[in-house]
Amino acid sequence: MTQKMQPDTRSRSQRKVPIMPAVDFPHGARVEVQVGRVHIAVFNINGEYFALYGRCPHQSAPLSRGRLQGTVICSEETCWETKWVHDGEVLVCPGHGMEYHVRSGKAFGYDLKLRTYEVVVEEGQVTLVL
Amino acid sequence: MESDGPLVKVRKVEASYNPVQDEDLDQFGKELSELTIVDVDVHVDDTLMFMLDYMEGHFRKRLETVLQADFKGEPGNSLRNMIAHIAWLGSSYDKPPRAKLAAKEDLLARMEKGIIDYSILFPSELLPIGYLPEPEWAASLAKAYNQYMVDAYQNTKGVKIAIVVAPQHPASAAEEIDRHASHPDVVSVCLPDVGVNPPIGDEKYEPIYAAAARHSLPISFHGIEALIHDNYPLRVAHFHTLMQVNSMGFPFTSMLQIMSVVCAGIPVRFPNLKFAVLEAGLTWMPFIMYRLDAAYLRYRTELPALEKKPSEYIRDWYIGTHELEALPRRGDLVKLIELYQGQDTTMWASDWPHLERDLIAGFMRYEMDETLRRKILGENALEFFGLTPPK
Ligand code: FES
């Protein structure tokens, strides 16, 4: 079925999409949510939920299947020393390895940011806010 | 879980430690299943252990020794690991997913999706064969590989084989071509293009071109990370990082080999011989074509065999799309292909299942008319490899 699905553009009106009971979505679990034609990857990392746009802009690999690890940075902040950072919060694309910070959606080394979504737990349900 | 908005689906998933495969095909399944799809660069598990049964005498003993070796935790039975990856071991912190070797069942499962009509198998393990300093050893490995591949993959629907030859032993390379060329599942001869010395257009290799021409077997140049060689055309010492070696190694090697073959007048001597170049991307094609043309103006007398400009020979070369560059705009690929006049010569290649393989979404994101898309996805490859149209 490939019927055209417009993204929900109703201004300001937030749409809440319950995903599953929080008890079924523990630390370390991940879920792929498809809303219309949009895929969203949702992770539980140490009790915190993160949701990002679920397809890699490079060649569309499913980001929900990416590993979570750290990465190296080297910047003015690190006095141009290479440092291992964000251990457990860097989503590595299972396609070819682009890396995204799950908190911000920012791609390391690219001028690119994935859309992120708010996740709340309401009445025991992990819920996406779109 | 339905509401008044768009349909919502929720699925629990696991992290993937190998690169995700084939889901990309499913994504475009409908659109693609109508078309002829030829994947011109596919790799299966061809590690050296499979060749043991095909080796004889002292070389068999030698391969047994190789299979027992262990290099810093990398499997010792991998020629590529032995000479390619040690220098940069761990430099990516395991960031890219580990490339999984594809067993025959994996290949069959991919073919059974009914999307890909032909997969052309190219060597993995023996791609650096041109680097081996001992011609006899290299030739015996190539011979074992070819027979193993034919035995293991012949009569498999939609699967075709490119045999490999050891350029440093032209006589035995020609024999291999003579041996396998008439096999219906052998569709090309792969000339590994790194490490060879002298360059591949040299007079020394004439028996290889003559044999391929005799059998109308097209020649495919297939690159490999150029880091492994210590001589032509680039030296490891030129680069500090694997990324630099990888990105420059493939196209530079390809450009140098094309230049060498064309300037040696091989396309003039063997006008029916077809050539392809794989795994080097596309963007450098206009550069080498028109750069050579510019110099040809002044130095034509050095190449008296040529009957037309270098670009007019090179535009006849077929070229695999992998590793497809991500150009900024969706219309850019068509512009690039127009520049190198590659409408009839560009062939979709995935490099499946290697880490750097292209997912088909990478190609489908480019806009082009349907005629050109059909040519690139299959029709040009049918022509190059002489395959029967599947439908
Ligand atoms: S698809 Fe994500 S890095 Fe290629």
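The values are calculated or read from the model by the stated rules, or taken from the named source; none is laboratory data. All values reported here derive from a predicted model rather than from experimental measurement. Every residue, glycine as well, gets a Cβ built from its backbone with ideal geometry; the counts of neighbours run over all protein chains shown. Accessible surface areas use protein heavy atoms only, side chains included; no ligands, DNA or RNA. Shrake-Rupley method; radii C 1.70, N 1.55, O 1.52, S 1.80 Å.
Annotation note: of A:V121, A:V90, A:V85, the sole residue that is away from chain B (no Cβ under 12 Å) and part of a strand (DSSP E or B) is A:V121. Against the list (1) surrounded by fewer than 18 Cβ atoms within 10 Å (Cβ to Cβ); (2) free of Cβ contacts under 8 Å to residues at least 40 places away in the same chain; (3) more than 8 Å from chain B (Cβ to nearest Cβ); (4) within 17 Å of B:S16 (Cα to Cα), the condition A:R55 fails is (1).
Of all residues in the stretch B:1-27, those that are within 8 Å of chain A (Cβ to nearest Cβ) and under 23 Å from A:H27 (Cβ atoms) have Cβ atoms under 7 Å from Cβ atoms of residues that are open to solvent by 60 Å² or more (accessible area, probe 1.4 Å) and modelled with pLDDT under 75, 6 or more apart or on another chain, in B:V10/B:M1; B:Y17/B:R98.
Checking each residue in the stretch B:312-334 for being buried (at least 21 other Cβ atoms within 10 Å of the Cβ) and over 20 Å from B:Y366 (Cβ atoms) picks out B:Y313, B:I314, B:W317. Scanning the stretch B:335-348 finds one or more residues that are more than 16 Å from the ligand (Cβ to nearest atom) and within 14 Å of chain A (Cβ to nearest Cβ). Within the stretch A:67-93, being free of Cβ contacts under 8 Å to residues at least 24 places away in the same chain and within 16 Å of the ligand (Cβ to nearest atom) holds for A:Q69, A:V90. In the stretch B:293-384, counting only helices (runs of 4 or more DSSP H) that sit wholly within it, the ones holding 3 or more residues that are closer than 27 Å to B:S124 by Cβ span B:360-364. Checking the structure you have, find out if any residue of the stretch B:114-126 is free of Cβ contacts under 8 Å to residues at least 12 places away in the same chain and open to solvent by 30 Å² or more (accessible area, probe 1.4 Å). No, the stretch B:114-126 contains no residue that is free of Cβ contacts under 8 Å to residues at least 12 places away in the same chain and open to solvent by 30 Å² or more (accessible area, probe 1.4 Å). Annotation note: of A:H27, A:H39, the sole residue that is surrounded by 10 or more Cβ atoms within 10 Å (Cβ to Cβ), modelled with pLDDT of 95 or more and away from chain B (no Cβ under 12 Å) is A:H27. Of the residues making up the stretch A:61-75, those that are surrounded by fewer than 23 Cβ atoms within 10 Å (Cβ to Cβ) and of a type in the set (G, A, S) are A:G70, A:S75.
Residue-by-condition table, conditions (1) of a type in the set (G, A, S); (2) away from the ligand (no atom under 16 Å from the Cβ):
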site	(1), (2)
A:S13	yes, yes
A:A29	yes, yes
A:N46	no, yes
A:Y53	no, no
A:C56	no, no
A:S60	yes, no
A:R65	no, no
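Of all residues in the stretch B:350-368, those that are away from the ligand (no atom under 16 Å from the Cβ) and open to solvent by less than 60 Å² (accessible area, probe 1.4 Å) total 1. For the residues B:K72, B:K104, the requirement of being modelled with pLDDT of 65 or more and open to solvent by 30 Å² or more (accessible area, probe 1.4 Å) singles out B:K104.
Restricting attention to the stretch B:260-298, the residues being free of Cβ contacts under 8 Å to residues at least 60 places away in the same chain and either open to solvent by 20 Å² or more (accessible area, probe 1.4 Å) or more than 17 Å from B:S220 (Cα to Cα) (or both) number 20. Within the stretch A:89-117, the set of residues being of a type in the set (F, W, Y) and either touching a His at 6+ places or on another chain (Cβ under 8 Å) or open to solvent by 20 Å² or more (accessible area, probe 1.4 Å) (or both) comprises A:F108, A:Y110, A:Y117. The set of residues in the stretch B:152-186 being touching a residue at least 40 places away in the same chain (Cβ under 8 Å) and either in a loop (DSSP other than H, G, I, E, B) or touching a Ser or Thr at 6+ places or on another chain (Cβ under 9 Å) (or both) consists of B:T156, B:K157, B:G158, B:V159, B:K160, B:I161, B:A162, B:V165, B:P167.
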